[in-house]
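Below: one structure, written as structure tokens.
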Amino acid sequence: MRLIGDAGEQLGVMSLSKALSVAEQKNLDLVLMNGSSKPAVCKLMDYGKYKFDAIKKEKELKRNQKIIEVKEIQLSMTISDHDIAYRITNAKKFLSEGNKVKVSLRMRGRQQAYAKTCIEVVKNFVSKLEDAGTTDKEPEVNGRNIIVVVNPKKA
């Protein structure tokens, strides 16, 4: 097997028993890094410290990670202008915080016959959000609902 020292230097190709004796002399652990290569690659290291550093690094990555939430705004076919303005301000606030906004419109009863009008209501709403976010695709009809997701613009 190929042995790598604790400082990253190559110690050469040697047998398993010799590599174990070198690890024992230096009071370190012999860790298999790549067993599929010919010869296998092993490294001398303090495995407890290595695991501790890996867990610490993983926690740091989780702490710095930004979790994106999806906020939902519900509309109706007969929504008034004031209600639209109120929902637009909320949607812009959500987008400025870096969250995605799911705009949904539920069609009730006879409104399903006028799906094109409902799509226009959603398109009109999304067009008023153009300065704060963008959409990947057109509003789509899912049964009784019309749904579109608005992503925040990159700063």
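The values are calculated or read from the model by the stated rules, or taken from the named source; none is laboratory data. This one's a predicted model, so the numbers in the text were calculated from it and none came from an experiment. FYI the Cβ positions are ideal-geometry reconstructions off the backbone, even for glycines, and counts take in every protein chain you see. Just so you know, the surface numbers come from the protein's heavy atoms only, side chains and all, with ligands and any DNA or RNA stripped out. Shrake-Rupley method; radii C 1.70, N 1.55, O 1.52, S 1.80 Å.
Can you go through 116, 153 and tell me which one is in contact with a Gly (Cβ under 7 Å, 6 or more places away or on another chain), open to solvent by 80 Å² or more (accessible area, probe 1.4 Å) and free of Cβ contacts under 8 Å to residues at least 60 places away in the same chain?
Details: 116 fails: in contact with a Gly (Cβ under 7 Å, 6 or more places away or on another chain).
Result: 153 is the single residue among 116, 153 that is in contact with a Gly (Cβ under 7 Å, 6 or more places away or on another chain), open to solvent by 80 Å² or more (accessible area, probe 1.4 Å) and free of Cβ contacts under 8 Å to residues at least 60 places away in the same chain.
Tell me which residues, restricted to the stretch 16-50, are open to solvent by 60 Å² or more (accessible area, probe 1.4 Å) and in a loop (DSSP other than H, G, I, E, B).
Across the stretch 16-50, the qualifying residues are 26, 27, 36, 38, 46.
Search the stretch 120-138 for residues that are within 15 Å of residue 96 (Cα to Cα) and hydrophobic (A, V, I, L, M, F, W, C) and pair each with any residue that is open to solvent by 70 Å² or more (accessible area, probe 1.4 Å) and assigned to a loop (DSSP other than H, G, I, E, B) when their beta-carbon atoms are under 8 Å apart and the residues are at least 6 apart or on different chains.
Cβ pairs passing all conditions: 132/153.
Output the number of residues of the stretch 103-138 satisfying the condition of being in a helix (DSSP H, G or I) and within 20 Å of residue 154 (Cβ to Cβ). Steps first, answer last, please.
Looking only at the stretch 103-138, we keep the residues that are in a helix (DSSP H, G or I), and these are 109-127.
Subsequent filtering for residues that are within 20 Å of residue 154 (Cβ to Cβ) retains 126-127.
Residues that pass the stated criteria total 2.
Is at least one residue of the stretch 91-102 in contact with a strand residue (DSSP E or B) (Cβ under 8 Å, 6 or more places away or on another chain), β-branched (Val, Ile, Thr) and farther than 16 Å from residue 152 by Cβ?
The answer is no, given that none of the residues of the stretch 91-102 is in contact with a strand residue (DSSP E or B) (Cβ under 8 Å, 6 or more places away or on another chain), β-branched (Val, Ile, Thr) and farther than 16 Å from residue 152 by Cβ.
Report, by residue number, each residue of the stretch 91-102 that is in a helix (DSSP H, G or I), crowded, with 16+ Cβ neighbours inside 10 Å and not hydrophobic (A, V, I, L, M, F, W, C). Reasoning before the result, please.
Restricting attention to the stretch 91-102, the residues satisfying the condition of being in a helix (DSSP H, G or I) are 91-96.
If we keep only those that are crowded, with 16+ Cβ neighbours inside 10 Å too, we end up with 91-92, 94-95.
Of everything in the stretch 91-102, just one residue is in a helix (DSSP H, G or I), crowded, with 16+ Cβ neighbours inside 10 Å and not hydrophobic (A, V, I, L, M, F, W, C), namely 92.
Answer yes or no: is there a residue in the stretch 51-68 that is in contact (Cβ under 8 Å) with a residue 12 or more places away in the chain and either farther than 30 Å from residue 90 by Cα or assigned to a helix (DSSP H, G or I) (or both).
Step one: list which residues in the stretch 51-68 are in contact (Cβ under 8 Å) with a residue 12 or more places away in the chain, which gives 66, 68.
With the extra rule that they be either farther than 30 Å from residue 90 by Cα or assigned to a helix (DSSP H, G or I) (or both), the set shrinks to none.
Looking for residues that are in contact (Cβ under 8 Å) with a residue 12 or more places away in the chain and either farther than 30 Å from residue 90 by Cα or assigned to a helix (DSSP H, G or I) (or both), one finds none in the stretch 51-68, hence no.
In the stretch 75-90, which residue that is polar (S, T, N, Q) and more than 18 Å from residue 152 (Cα to Cα) is surrounded by the most Cβ atoms within 10 Å (Cβ to Cβ)? Quick ask: steps written out before the conclusion?
The first filter runs over the stretch 75-90 and keeps only residues polar (S, T, N, Q), leaving 76, 78, 80, 89-90.
Restricting the remaining residues to those that are more than 18 Å from residue 152 (Cα to Cα) gives 76, 78, 80.
On the way: 76: 14, 78: 10, 80: 9.
Step by step, filter the stretch 75-90, then rank; the result is 76.
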